[in-house]
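One structure below.
Please treat every number below as a calculation from the coordinates, not as lab data. It should be emphasised that the depicted structure is a prediction, and the values quoted were computed from it without experimental measurement. Neighbour counts run over all protein chains shown; Cβ positions are idealised from the backbone, glycine included.
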């Protein structure tokens, strides 16, 4: 496995395929690694025949091989800095990016830090916060990320971890694509659920809501590959006016339960 080092940061990364660069940011929160077992599909296996796929372990992810100091002032920018430094190291200028889970807010940070370099972005498994449990991200990482980090890095203590997580998930301005008011896709969904028609919604929105145009394309590709995507199919039916949100939800919730990996 190749590594890229810059100062006291060491990044483990992988490449596969050739063509236009596709940067993949795996999910898993602060344990984001290249081998994202909980992803809906293997992005590398799916796209390496068409693109130059690039991915990396997030700095200090448990089970990963990327290491570096905890940035207690601007942790989101530290992670994005790792992304940009790696892409620069590999000679990548413009690129596509696909992000899962934590990859979604990291995409928005990339757009801010590297304007003009991202040609297209795909947000998968978007993140959100229950207003009744606003410290969920903080608490889940205290339990699921901090113990492994503290065990492997004796120079890091719990006080440092708490400060880091406060900066990551405290009163910060990062976009939550499922619950954030700035999400255009979310606004479209809420207005559809309120009974508004899509043409009227798009006029009122005044901006592109990417999911409106990408959902049908994703469904067509899934069908061509023989992949069943019932949620995407339901979204397309609602967008095209062939189903109400209530009816689509009912069909999804009454499907027979089975393992997602089957």
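Observations on the model:
- Overall form of region 203-252 per C-alpha gyration tensor (a/c, 1.5; a/b vs b/c): oblate
- Gyration tensor (alpha-carbon) shape descriptor, region 3-169, a/c threshold 1.5: prolate
- Computed over the chain, the per-residue total of -39500 (n - 2.57) for DSSP H runs of n ≥ 4 gives a 222 nm mean residue ellipticity of -12500 deg cm²/dmol, rounded to 500.
- Inter-part distance, region 188-225 to region 1-67, computed on C-alpha centroids, equals 30 Å.
- DSSP finds beta bridges in the chain, and of those with both partners inside it, around 40 percent are antiparallel.
- Take each peptide in 145-151, 231-237, count the other Cβ atoms within 10 Å of every residue, and average; sorted highest first, the result is 231-237, 145-151.
- Sequence-separation-based contact order of the chain, relative, with Cα cut under 8 Å and 6+ spacing, percent: 14
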